[in-house]
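Just below is one structure, and these are the notes that go with it.
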Amino acid sequence: MNLEKILAISGKPGLYVLRVQTRSGFVAESLADGKKITVNLKSNVSLLSEISIYTYEGEKPLTEIMNNIAKKENNGLAISHKEDNATLLAYFREVLTDFDEDRVYPSDVKKILNWYNILHGKGLVVDAPAVEEAVEAVTEEVVAEKPKKEKKVKE
């Protein structure tokens, strides 16, 4: 699973795809509704590919965790992030047996499962080479659904 252009923006729900970099920040597109937003450089933005989870032996990249969830679920949906904390931690223990329980909180597990299910809903839980094609297909689908506004000509 390739998470190179997938973003989590603090204060904004859901996940975003990095589209264009500008002088003052960048343009991101929501995976939920396809709306584009501009994000300035002062915003707290995390690339999912840069996120790691604490284990007793070090840190594991989020990509590896997502792949473990995909293997466990046969590329299907994971459990809901709205389950109780005990259920979430038990599930996460099956996915990553040696995660550091003192440093990884239930809220972290909720985010990871929510992100996984969002990515799955958009067809991005696939083999790494197919991710770029899937992201482009989602983008084209969202763009095709939006009707273009006609320009009015003054006479």
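The values are calculated or read from the model by the stated rules, or taken from the named source; none is laboratory data. Keep in mind that this is a model prediction, so the values were computed, not measured. Here the Cβ positions follow ideal geometry from the backbone for every residue, glycine too, while neighbour counts run over all protein chains shown.
Annotations
- Only listed residue being at pLDDT 60 or above, more than 16 Å from V17 (Cβ to Cβ) and among the acidic types (D, E), chosen from E73, E150, E140, E155: E73
- The set of residues from the stretch 38-58 being more than 14 Å from the chain's Cα centre (by Cα) and surrounded by 12 or more Cβ atoms within 10 Å (Cβ to Cβ) comprises T38, V39, S43, I53, Y54, T55.
- The residue list K72, K35 contains one member that is exposed (fewer than 15 other Cβ atoms within 10 Å of the Cβ) and closer than 25 Å to Y91 by Cβ, which is K72.
- So N74, is it closer than 23 Å to N2 by Cβ, of a type in the set (S, T, N, Q) and not in a loop (DSSP other than H, G, I, E, B): no
- Among the residues making up the stretch 16-39, a single one is in a strand (DSSP E or B), hydrophobic (A, V, I, L, M, F, W, C) and in contact (Cβ under 8 Å) with a residue 60 or more places away in the chain: V17.
- Flag for L7 being in contact with a strand residue (DSSP E or B) (Cβ under 6 Å, 6 or more places away or on another chain), at negative phi and free of Cβ contacts under 8 Å to residues at least 60 places away in the same chain: yes
- Yes/no for I79 being in contact with a Leu (Cβ under 7 Å, 6 or more places away or on another chain), closer than 20 Å to V17 by Cβ and not hydroxyl-bearing (S, T, Y): no
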